[in-house]
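One structure below.
The values are calculated or read from the model by the stated rules, or taken from the named source; none is laboratory data. Owing to the predicted nature of the structure, the values given are computational and were not obtained by experimental measurement. Quick reminder, even Gly has a Cβ in these numbers, built from the backbone with ideal geometry, and neighbours come from all protein chains shown.
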């Protein structure tokens, strides 16, 4: 498998080890509000990624953090007149419930920042001892960017551009350099904090990730993932912290960044008010639909959310599900090895930087070849292709639709088939129309009527 590495700007081979699992860390949520489907696109992609790796025999340990102390959480708590920890626990619970509802179950460990205060303090102390950090009185400890000349190597930005970012920037007129970022924030008496050797305070945003990954993975590991907007400054800060603290390079071998989910070309975000919560989406749609929407787009490309996209994803699921069901009716003589041909094309696409649009194209290419002669396939050929298709979608967490057809609809179809056999076409057409009005289509096949749910 080859993956695009943001650090090198090229596709690189992801080596498989028999001796140890790959170590994957993905930046998790800051739990101050209900997550939206823009957030979900990132987490669902990495679920697809992890599932597919495991299906191909890769051993993998997948760690994700949860930022449960942050200025956004403190502000939300003040707005709601409740304790910050109540906000954190409420929205952490909502996030985990949303992930379960979406079928995101590949994460091995969730690590909350507040459970690793000792590790965070230890890493800050290491940076102080090495001369990478300094104290601003009544403010906190900051990382000194002048001590890390390679800052910007991930995003290809300079120190002078260090505050030209779309995510959180630490502001202080007493910083030594533009772009210096907070490691440990000193808290006022009305703010949450921990009594430590650094003073009463709380972690900066960037330090929690490196302290957590160092605790679980050590100072170097295989894959770091996250949304595109975290590349700068968040991931740059992580590199500066960990490589300064350990003296080892590279901190991470492969950096993977998922593109945005957009609405009318704009990133979906709470600040713009153009968001749809995961809960709201799932009230009207099954989780497989969102997974198909994500699968239809290359992970590094924007996904523009529209009603038309929902309709296309729904039709894709229905058409593929119907095709798989029809394969069960194959009773012919064609023993072609369509399953192996499909599997080779599907895996070739997936192994090329998770090219899910090409993988989906392999599905439809196979369907276009087989559909005109589907009932002429041998039973063995039909069964093997069905198995291959179900396994391919299973490897990325998509359950194909396999609706249970109600008895009254099956009875109606049999009655219609009798009318049709006796050339009573007016009556048979009337029953077909009745089935359609009830939400089902009837297709005539050599093995009898094929019934499917209408799109």
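Close Cβ contacts (under 6 Å, 6 or more residues apart or on different chains) running from residues in the stretch 409-436 that are without any contact (Cβ under 8 Å) to a residue 12 or more places away in the chain to residues that are part of a helix (DSSP H, G or I) comprise 427/419.
Say we look at the stretch 176-195 and pick out the residues that are part of a loop (DSSP other than H, G, I, E, B) and buried (at least 20 other Cβ atoms within 10 Å of the Cβ); which of these is modelled with the lowest pLDDT?
The initial filter retains those residues of the stretch 176-195 that are part of a loop (DSSP other than H, G, I, E, B), namely 176-181, 187-193, 195.
So of that shortlist, the ones also buried (at least 20 other Cβ atoms within 10 Å of the Cβ) come out as 179-181.
Details: 179: 90, 180: 94, 181: 95.
Checking each candidate, the answer is 179.
Is it true that residue 67 is surrounded by 19 or more Cβ atoms within 10 Å (Cβ to Cβ) and more than 25 Å from residue 303 (Cα to Cα)? Let's see the steps before the verdict.
On the way: surrounded by 19 or more Cβ atoms within 10 Å (Cβ to Cβ): yes; more than 25 Å from residue 303 (Cα to Cα): yes.
In short, yes.
Residues of the stretch 120-130 that are part of a helix (DSSP H, G or I), in contact (Cβ under 8 Å) with a residue 24 or more places away in the chain and surrounded by fewer than 19 Cβ atoms within 10 Å (Cβ to Cβ): 122, 125, 126.
Scanning the stretch 396-424 for residues that are surrounded by 11 or more Cβ atoms within 10 Å (Cβ to Cβ) and assigned to a helix (DSSP H, G or I) yields 409, 410, 412, 413, 414, 415, 416, 417, 418, 419, 420.
For the residues 252, 276, the requirement of being farther than 21 Å from residue 179 by Cβ, in contact (Cβ under 8 Å) with a residue 24 or more places away in the chain and within 21 Å of the chain's Cα centre (by Cα) singles out 276. Of the residues 62, 58, 32, the single one that is surrounded by 14 or more Cβ atoms within 10 Å (Cβ to Cβ) and assigned to a strand (DSSP E or B) is 62. Scanning the stretch 7-25 turns up one or more residues that are in contact (Cβ under 8 Å) with a residue 24 or more places away in the chain, assigned to a loop (DSSP other than H, G, I, E, B) and either buried (at least 17 other Cβ atoms within 10 Å of the Cβ) or outside the structural domain of residue 101 (by TED's automatic domain parsing) (or both). Of everything listed in (1) in contact with a helix residue (DSSP H, G or I) (Cβ under 6 Å, 6 or more places away or on another chain); (2) in contact (Cβ under 8 Å) with a residue 60 or more places away in the chain; (3) crowded, with 20+ Cβ neighbours inside 10 Å; (4) over 19 Å from residue 216 (Cβ atoms), the single unmet condition for residue 133 is (2). Residue 236 passes every criterion in (1) in a helix (DSSP H, G or I); (2) in contact with a strand residue (DSSP E or B) (Cβ under 9 Å, 6 or more places away or on another chain); (3) within 20 Å of residue 128 (Cα to Cα) apart from (2).
Against the list (1) without any contact (Cβ under 8 Å) to a residue 40 or more places away in the chain; (2) outside the structural domain of residue 28 (by TED's automatic domain parsing), the condition residue 78 fails is (2). Screening the candidates 349, 392, 359, 339 for the property of being over 26 Å from residue 439 (Cα atoms), without any contact (Cβ under 8 Å) to a residue 24 or more places away in the chain and either under 32 Å from the mean Cα position of the chain (by Cα) or surrounded by fewer than 14 Cβ atoms within 10 Å (Cβ to Cβ) (or both) yields one hit, 349.
Out of 387, 441, 445, one residue alone is touching a residue at least 12 places away in the same chain (Cβ under 8 Å), closer than 15 Å to residue 322 by Cβ and out of contact with any strand residue (DSSP E or B) (no Cβ under 6 Å at 6 or more places or on another chain). It is 445.
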